[in-house]
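Asks: Sharing a structure below in structure tokens format, with a few things to ask.
Taken together, the values in this text are just the output of simple stated rules run on the coordinates, not laboratory data. From a predicted model like this one, the values you see are computed outputs, not experimental measurements. Note that we place each Cβ from the backbone using ideal geometry, even for glycine, and neighbour counts take in every protein chain shown.
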Amino acid sequence: MTLNENNIQVKSSKKKGEKKVTITLKNDLTINNIEECKEEISKAFDKNQILDFKLKEIKNIDLTFIQFFYALKQESEKQEKKINFDTDFPQDVMALLNNTDLYKVFQIK
């Protein structure tokens, strides 16, 4: 699948028997585009055991997306699925995440 208007790309692993998907998100992750992204991510979550998120060139992220990722991570633990985050947040977003302990959602050290 290619990047759509909401800047989400979902790519399944081609290894036989591996239930793994890479989800790349770019630009704005806000309430304005969460519904379509949530739909694509939920479909991938249902079909896979491992979800690798690549959050690249993020210009803006709001609490709507952070709460969604937090809930997804909680559900993955219940279902014994694995979620990984590879993030590339701007300095102001990193400051917000660090000041509020929300960096733990993304496993940022």
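Asks: Taking only DSSP H segments of four or more residues, each worth -39500 (n - 2.57), what value at 222 nm results for the chain once the sum is divided by all its residues, to the nearest 500 deg cm²/dmol? Each step should come with its number before you reach the end.
Replies: Details: 3 runs with 40 residues, N = 109.
About -11500 deg cm²/dmol.
Asks: Out of the trypsin sites (Lys or Arg not before Pro) in the range 6-108, which ones are loop residues according to DSSP with at most 15 other C-beta atoms within 10 Å? Intermediate values should be presented prior to the final figure.
Replies: Working: sites: Lys11, Lys14, Lys15, Lys16, Lys19, Lys20, Lys26, Lys38, Lys43, Lys47, Lys54, Lys56, Lys59, Lys73, Lys78, Lys81, Lys82, Lys104; in loops: Lys14, Lys15, Lys16, Lys19, Lys81.
Within the range 6-108, the qualifying trypsin sites (Lys or Arg not before Pro) (loop, at most 15 other Cβ atoms within 10 Å) are Lys14, Lys15, Lys16, Lys19.
Asks: Order these by the 10 Å Cβ neighbour count, fewest first: Glu80, Glu18. Don't jump to the answer; show the numbers that get you there.
Replies: Details: Glu80 7, Glu18 12.
So the residues, fewest neighbours to most, are Glu80, Glu18.
Asks: Give me the one-decimal Kirkwood hydrodynamic radius in Å for the chain, with the sum taken over alpha-carbon pairs.
Replies: Working: mean 1/r = 0.0705 Å⁻¹.
Result for the chain, one decimal place: 14.2 Å.
Asks: Given the chain, what percent of its DSSP beta bridges are antiparallel, to the nearest 5?
Replies: On the way: 5 of 21 bridges.
Of all bridge pairs located within the chain, approximately 25 percent are antiparallel.
Asks: To continue, here is another question. So for Leu25, Leu63, Leu55, fewest C-beta neighbours within 10 Å to most, what's the order? Walk me through the numbers before you get to the answer.
Replies: Details: Leu25 25, Leu63 13, Leu55 20.
Placing the least packed residue first, the sequence is Leu63, Leu55, Leu25.
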